[in-house]
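Contents: one structure, followed by commentary.
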Amino acid sequence: MNSPTRGALALDNLELRDRFVSEVPQLTSAEIGAQAGLKTKNPYATAARWKKAGNIFSVQHRGKEYFPAFQFREGRPHPTIKKALGALPPRLSAWQRAFWFMSTNGWLADKAPADMLDDPQSIIAAAEREGEEVVG
């Protein structure tokens, strides 16, 4: 792939990420700690601990770490997120996971996984299908 094409793709990717961060509500580590209401000296520790446990994920954008807010209910990780992250192919980047949750999905009657978190069986099945080999 030539350099102008790569440059155009990189710009498109950056613009898509800019839109995601501006249009999809995001939380910082400190905001997660505050919303969780846990008594901790380090407000960033809660998000780091939950991320390490696979309960949530984050994306890096323009030097900052963002946690898409759809992952949380009443200050805690929605349990379906961990199950979906475990079912998605491990090769997906954090950004690919973020876009997967927000994109309409044919396996979910053209709804976005983020909008169907209260239907964990359907979300997990759709996540597992994401890793299936395309034949045809």
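At a glance:
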| read-out | value |
| --- | --- |
| By average C-beta atoms within 10 angstrom, highest first, the peptides 13-23, 110-120, 71-81 | 71-81, 110-120, 13-23 |
| Ala45-Ser93 FRET efficiency (beta carbon distance; Förster radius 30 Å; 0.05 resolution) | 0.75 |
| Length-normalised contact order of the chain in % [C-alpha pairs under 8 Å, at least 6 apart] | 18 |
| Set of lysines with alpha-carbon distance to Lys64 below 20 Å, sequence-local pairs under 8 removed | Lys51, Lys52 |
| Cα gyration tensor, segment 57-136 - rounded (a/c under 1.5), prolate or oblate | oblate |
| Burial order of peptide ranges 37-43, 121-127 (average beta-carbon count within 10 Å, highest first) | 121-127, 37-43 |
| Overall form of the chain per C-alpha gyration tensor (a/c, 1.5; a/b vs b/c) | oblate |
| Sites Glu23 and Glu132, calculated FRET efficiency, Cβ-Cβ separation with R0 30 Å, nearest 0.05 | 0.55 |
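Read the figures in this text as sums done on the coordinates, not as results from a lab. From a predicted model like this one, the values you see are computed outputs, not experimental measurements. We place every Cβ from the backbone using ideal geometry, glycine too, and count neighbours over all the protein chains shown.
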